[in-house]
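Q: Sending over a structure as structure tokens; questions will come in a sec.
The values are calculated or read from the model by the stated rules, or taken from the named source; none is laboratory data. Quick caveat, the model's predicted, so the values are computed rather than measured. What goes into the accessible areas is simple: the full protein's heavy atoms, side chains included, and nothing from ligands, DNA or RNA. Shrake-Rupley method; radii C 1.70, N 1.55, O 1.52, S 1.80 Å.
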Amino acid sequence: MRYGETTLQMVQRHVRAGETILTRQRSLIERMTDAGQPTEETERLLASFIWIQGEHVAHLRQLEASRDAV
């Protein structure tokens with residue numbers, strides 16, 4: 001967590017960063033496919049990134065729900 005950053009802000013930052021990572025990974029797979037390169041490993045890594053992003057989004061929703069309940 002960055003200095004002065006709340007947990008909510010940290011998780012929001014992680015979700016934004018995750019979206020950037022997913023976009024880059026999908027673009028990489030597209031470029032590799034176009035170049036005729038194998039993409040199996042890259043696609044497995046993308047699947048891991050997607051799972052991690054889902055965890056970040058779920059955490060964000062949980063924090064937002066608890067904040068709204070107060």
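Q: Would you work out the relative contact order for the chain, in percent, from Cα pairs under 8 angstrom that are 6 or more residues apart?
A: On the way: 30 pairs, mean separation 28.7, N = 70.
In percent, rounded to a whole number, it is 41.
Q: Taking only protein heavy atoms into account and a 1.4 Å probe, give the accessible area per residue of the chain in Å².
A: 76 Å²
Q: Carbon and sulfur together cover what percent of the accessible area of the chain at a 1.4 Å probe radius?
A: Details: 2940 of 5310 Å².
Of all accessible area on the chain, carbon and sulfur atoms account for 55 percent.
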